[in-house]
Every structure is written in structure tokens, then in C-alpha cells.
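What follows is a single structure, written as C-alpha cells, with notes after it.
The values are calculated or read from the model by the stated rules, or taken from the named source; none is laboratory data. Bear in mind that the values here come from a model prediction, so they are computed numbers and not experimental data. Reconstructed Cβ throughout: ideal geometry from the backbone, glycine too, with neighbour counts over all protein chains shown.
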Amino acid sequence: MFRTSSFHTIDTKGRIIIPSRFRDVIKAGGHDGVMVSRMDSCLVAYAFEEWSKIEAKVLSMAEKSDAMRRFRRIFIGGASECMCDKQGRILIPPTLRQYAQIEKEIVLVGVLDHFEVWSRNNWDNENMQMEEDMTKEEVRNEISRLGI
């Protein structure tokens, strides 16, 4: 499982270092790379075995709404296979960097079955939004159902 957060930079070629704790999770699946796509103003990175599960779910969905076709087109069609190099880095394609507004400072966030790559600015905004959400009773109640 991917857990915790860490602050990094992306180099001028668009490469990011994957922390060793994340690389260990990736390698446990027998691969040395991830599938990267976009969602919620950040990038989402899945180990290949998790990505296969997502693709199977998407294919099995009976509903073929306009929204689901768009989701498939953007989320699946816009995904990139990113392999780790010898230094434990992956190259993020320019289109994905542009979507997530990634320029220099980034934050990698473990979210159990995947990790996310945020621009530092978008991550700070996400944290402020969560603090605001925590003042709402419905959000607090939803979180309390987790036993937290």
C-alpha cells in the first residue's frame, strides 16, 4: 500500500524521483513502473496490477453514458506507462504535467492503492479546501463513520 506524503522537485526533463517506499510497493507487483493518468487537478499513479483492475471494471460497466465515455476517453486514453529508470525516476509526459500545473515543486501523496503527484500550489489549495470542509457537519459525520 502507498502511504504518507513527501515533497520533491521535478527536473527540467520532467522526471520525478519515486521514493523507495513507493518503489518497493511497485516492485512487489513484479514490475518497475506505473500507469499515470489525471484526476482532480493532480496525477494519479497506479501499479500495473491495480491499473488492470481499473480497466476491467471500466470494461464491465453496462452503462455507456456520455459522461462515462468521456471518462474512459480522458482517464484511460490519456494515461501513460511510466517506467522507472536506474535512478528510480519516472518521466512524466508534458501533457500530464500541464494538466496538473507541475513546474518545479511537487508533493507525492500515498493514497493506499495508488499515489498522487501534486504541484505544491495545488496541494496547498487542496489542504485549505479540506480544512474548510472539516467545518461542515456532513463531512465530519462521514469521517466519524470511519471510526476516526
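List of remarks:
- The one condition in (1) surrounded by 16 or more Cβ atoms within 10 Å (Cβ to Cβ); (2) under 28 Å from residue 129 (Cβ atoms) that residue 33 fails to fulfil: (2)
- Close contacts from region 112-136, counting a first residue that is without any contact (Cβ under 8 Å) to a residue 60 or more places away in the chain and a second that is of a type in the set (A, V, I, L, M, F, W, C) and part of a helix (DSSP H, G or I), with Cβ to Cβ under 7 Å and a gap of 6+ residues or different chains, come to 133/139.
- Residues within region 12-39 that are part of a loop (DSSP other than H, G, I, E, B) and without any contact (Cβ under 8 Å) to a residue 40 or more places away in the chain, tallied: 4
- Sole exception among (1) under 17 Å from residue 15 (Cβ atoms); (2) assigned to a helix (DSSP H, G or I); (3) touching a residue at least 40 places away in the same chain (Cβ under 8 Å) for residue 102, by number: (2)
- Residue list for region 40-74, restricted to those being within 22 Å of residue 18 (Cα to Cα) and either assigned to a strand (DSSP E or B) or among the aromatic types (Phe, Trp, Tyr) (or both): 42, 43, 44, 45, 46, 47, 48, 51
- Those residues of region 41-68 which are surrounded by fewer than 18 Cβ atoms within 10 Å (Cβ to Cβ) and either at positive phi or in contact with a strand residue (DSSP E or B) (Cβ under 8 Å, 6 or more places away or on another chain) (or both), in sequence order: 41, 48
- Scanning region 105-130 for residues that are buried (at least 17 other Cβ atoms within 10 Å of the Cβ) and assigned to a loop (DSSP other than H, G, I, E, B) yields a single hit, 114.
- The residues on offer are 38, 72, 15, 23, and the sole one that is surrounded by 13 or more Cβ atoms within 10 Å (Cβ to Cβ), more than 23 Å from residue 122 (Cβ to Cβ) and at pLDDT 95 or above is 23.
- For region 91-99, the criterion of being out of contact with any strand residue (DSSP E or B) (no Cβ under 9 Å at 6 or more places or on another chain) and under 21 Å from residue 121 (Cα atoms) is met by at least one residue.
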